[in-house]
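Have a look at the structure below, then the notes.
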Amino acid sequence: MKAQFIYENLNKFTRGQDPKAAMSVGNKAKIIKWFSDLEIKSDKYEIDDKLNITVKEDLNLSSSYITELPDNLTINGNLDLSYSKVLKLSDNLKVDGWLDLSYTNITELPNNLIVNDYLFLYDTNITELPKNLDVKTKIYGFKK
């Protein structure tokens, strides 16, 4: 019985593809560890089968030591990265509230960034805004 289960599951993989990658086990485990390292409980976020991540509330990472965020991240609230060590934002980042990047060393914003409220850029190294940046309310602190 056990051998048949293993055989059936092995047949689901594409020849030549890493089984962990096919199941997204390795990447999903990295995302879970990222949240765990930040002491964020698993009931505060969801990861779907395509590794899209949704944080169900505000995410306060102000003054944290993180340097980057996972890709395909949606925050159903505000995202505070002020005074953090963040250097890079994730691709396809969506923030339903405000995003604060003030007093960070970030140098550029990612493609497809959506912020449904304010974007704070006080004392950052950002000199150019991407053409496809979508900020619904207002950008504060940006200097050309």
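For the reader, a short list of remarks on this structure follows.
- For Tyr118, residues with placed amide H under 5 Å, excluding near neighbours: Trp98, Leu99, Lys138
- Gain on full extension, evaluated as 0.36 nm per residue between Asp49 and Asn125 minus their Cα-Cα distance, stands at 23.8 nm.
- Pairs from Lys44/Lys88; Lys28/Lys131; Lys94/Lys138; Lys85/Lys144 whose Cα-Cα separation, in the structure shown, is over 21 Å: Lys44/Lys88; Lys28/Lys131; Lys85/Lys144
- Compared with the alpha-carbon gap, the fully stretched path from Asn27 to Lys144 is longer by 38.4 nm at 0.36 nm per residue.
- Two-site label geometry, Asp37 and Leu87: point separation in nm, points 7 Å out along Cα→Cβ: 1.3 nm
- Charged-residue dipole, Cβ positions (Lys, Arg, Asp, Glu), the range 54-144 about Cα centre, Debye nearest 20: 240 debye
- Compared with the alpha-carbon gap, the fully stretched path from Asp117 to Leu133 is longer by 4.5 nm at 0.36 nm per residue.
Values quoted throughout were computed directly from the atomic coordinates according to the rules given, and no laboratory measurement underlies them. All of these numbers come straight from a predicted model, not from anything done at the bench. Cβ atoms come from the backbone with ideal geometry, glycine included; neighbour counts cover every protein chain shown.
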